[in-house]
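Chemist: Here you go, one structure.
The values are calculated or read from the model by the stated rules, or taken from the named source; none is laboratory data. Just so you know, these numbers come straight off a predicted model, no measurement behind them. Here the Cβ positions follow ideal geometry from the backbone for every residue, glycine too, while neighbour counts run over all protein chains shown.
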Amino acid sequence: MTKLLALAFSILFSKTVLAQSGALIFTVICNDGILIVADSRGVITDSGNLKKSPVAYTDSNLQIFRLSHFAIGIIGNPTFDCQYFDHILSDFNATFPANQNVQFTFSEFKRYFYQKFPVNRYPDVRGNSFLGGGYFNGIPVIVSFDSKRDTSFAKDGIQCNDSKAANFLYRFLKGNPLNGEPNCLNISKTISLAISAYADQVGRSSGIGGALSVLQITPDNRFHYLQNDFSKRVYLNYGDFIRKVTRKEVKIFPLVKDGDIKAAKALKSSRCSL
């Protein structure tokens, strides 16, 4: 427990709630792997104005992706040019030869992403944050970056996109001792309880919540989901997502009166629905 509390937090990003965005990701280096813990909620506004309060949300959204041999969690706008991030990541993985070096791979992806979607043409990228990790030569590395800050590489500790959530976790750990060794399974249970408590505290409109996806990366860079593998929940593009909403294959939960109807109408009016 003392060892876990002593892990350094690297809080690099302030939380940004965007249309169809995940809101919370933790990366943790355990004694037997790396954890990536992501909530699965996406919120929807009825006007495209991301500064307005959301009217509805969806759950069980994919937030953790494969990046070459490694894994990356993504927060913020999930689509650019109507393409979901699973498509963007697939393009990167097919274009760039797989490399065993964590720092090189993440640096190449950052360069690729911001060249493909430059901030001056795609201002929404300012709201995207990226946290991930993997092993290189047997050493765990967790990574985080956004459009405004240099990439952070750490070989121990915890990273989170939300400073308030990270502080909540720190206080939660002080009051809820870890059961057993600081391995990924035990730490994931504690973090899951903390995120659930935090989501209840901040409320549904915060965009935090839904079933958690918990991925353990083993020292040989294998993926092992401890909770909820949403990697099969992918869409061909944003239009595919909208069609599935229209056919009620994806459920929308209202946050305000008729919020589900307002959200569905806003989605269908998007240029990506064509």
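Chemist: Restricting attention to the range 65-98, and to residues there that are touching a residue at least 60 places away in the same chain (Cβ under 8 Å) and part of a loop (DSSP other than H, G, I, E, B), which single residue is farthest from I242 (Cα to Cα)?
Modeler: H69
Chemist: Only one of these conditions is not met by N237: (1) buried (at least 17 other Cβ atoms within 10 Å of the Cβ); (2) closer than 27 Å to I72 by Cβ; (3) modelled with pLDDT under 80. Which number is it?
Modeler: Evaluating N237 over (1) buried (at least 17 other Cβ atoms within 10 Å of the Cβ); (2) closer than 27 Å to I72 by Cβ; (3) modelled with pLDDT under 80 leaves (1) as the failure.
Chemist: While we're looking at this one, here's another question. Among the residues of the range 248-266, how many are free of Cβ contacts under 8 Å to residues at least 40 places away in the same chain and under 19 Å from L62 (Cβ atoms)?
Modeler: 1
Chemist: Tell me yes or no: at least one residue of the range 70-80 is touching a strand residue (DSSP E or B) at 6+ places or on another chain (Cβ under 9 Å), of a type outside the set (G, A, S), within 23 Å of R121 (Cβ to Cβ) and at pLDDT 95 or above.
Modeler: yes
Chemist: Next up: Return the residue satisfying two criteria in turn: it lies in the range 93-141 and is of a type in the set (D, E, K, R) and touching a Gly at 6+ places or on another chain (Cβ under 9 Å), and of such residues it is farthest from G157 (Cα to Cα). Before the answer, list the steps.
Modeler: Residues of the range 93-141 that are of a type in the set (D, E, K, R), as a first pass: 108, 110-111, 116, 121, 124, 126.
When the remaining residues are screened for being touching a Gly at 6+ places or on another chain (Cβ under 9 Å), the result is 124, 126.
Working: D124: 29, R126: 25 Å.
Among those that are of a type in the set (D, E, K, R) and touching a Gly at 6+ places or on another chain (Cβ under 9 Å), it is D124.
Chemist: Let me ask something else. So for the range 217-226 (the condition being more than 30 Å from G138 (Cβ to Cβ), in a loop (DSSP other than H, G, I, E, B) and either of a type outside the set (D, E, K, R) or free of Cβ contacts under 8 Å to residues at least 40 places away in the same chain (or both)), does at least one residue qualify? Show your work before the answer.
Modeler: Step one: of the range 217-226, the residues more than 30 Å from G138 (Cβ to Cβ) are none.
Among the residues of the range 217-226, not one is more than 30 Å from G138 (Cβ to Cβ), in a loop (DSSP other than H, G, I, E, B) and either of a type outside the set (D, E, K, R) or free of Cβ contacts under 8 Å to residues at least 40 places away in the same chain (or both), which makes the answer no.
Chemist: Could you please find all residues in the range 223-271 being of a type in the set (V, I, T) and touching a Pro at 6+ places or on another chain (Cβ under 9 Å)? Reasoning before the result, please.
Modeler: Here is the first cut: in the range 223-271, the residues of a type in the set (V, I, T) are 234, 242, 245-246, 250, 252, 256, 261.
V256, I261 - these are the residues of the range 223-271 that are of a type in the set (V, I, T) and touching a Pro at 6+ places or on another chain (Cβ under 9 Å).
Chemist: Restricting to the range 240-252, what's the tally of residues that are crowded, with 17+ Cβ neighbours inside 10 Å and closer than 28 Å to V37 by Cβ?
Modeler: Summing the residues that are crowded, with 17+ Cβ neighbours inside 10 Å and closer than 28 Å to V37 by Cβ in the range 240-252 gives 4.
Chemist: Output the residue which, of all residues in the range 205-234 that are modelled with pLDDT under 95 and among the aliphatic types (A, V, I, L, M), is farthest from S163 (Cα to Cα).
Modeler: The extreme case among them is V234.
Chemist: Please specify each residue of the range 228-254 satisfying the condition of being more than 17 Å from S40 (Cα to Cα), part of a loop (DSSP other than H, G, I, E, B) and in contact with a helix residue (DSSP H, G or I) (Cβ under 9 Å, 6 or more places away or on another chain).
Modeler: Listed by number, the residues that qualify are L236, N237.
Chemist: Just a yes or no: is a residue in the range 6-21 modelled with pLDDT under 85, over 30 Å from G175 (Cβ atoms) and surrounded by fewer than 16 Cβ atoms within 10 Å (Cβ to Cβ)?
Modeler: Within the range 6-21, not a single residue is modelled with pLDDT under 85, over 30 Å from G175 (Cβ atoms) and surrounded by fewer than 16 Cβ atoms within 10 Å (Cβ to Cβ).
Chemist: Starting from the range 145-165, keep only residues that are closer than 26 Å to D32 by Cβ, then list their pairs with residues that are in a loop (DSSP other than H, G, I, E, B) and not polar (S, T, N, Q) whose Cβ atoms are within a distance under 6 Å, requiring at least 6 positions of separation or different chains.
Modeler: From residues that are closer than 26 Å to D32 by Cβ, the pairs are S152/L12; G157/L7; G157/A8; I158/L7; N161/F13; D162/K15; D162/L24; A165/L24.
Chemist: Taking strands (runs of 3 or more DSSP E) that do not extend beyond the range 113-188, which have at least 1 residues that are under 16 Å from the mean Cα position of the chain (by Cα) and surrounded by 13 or more Cβ atoms within 10 Å (Cβ to Cβ)?
Modeler: Details: elements: 129-136, 139-146, 152-154, 158-160.
The strands (runs of 3 or more DSSP E) meeting that bar are 129-136, 139-146, 158-160.
Chemist: Out of all the residues in the range 124-140, is one or more touching a His at 6+ places or on another chain (Cβ under 8 Å) and of a type in the set (A, V, I, L, M)?
Modeler: Step one: filter the range 124-140 for residues touching a His at 6+ places or on another chain (Cβ under 8 Å), giving 134.
Retained after the next criterion (residues that are of a type in the set (A, V, I, L, M)): none.
No, the range 124-140 contains no residue that is touching a His at 6+ places or on another chain (Cβ under 8 Å) and of a type in the set (A, V, I, L, M).
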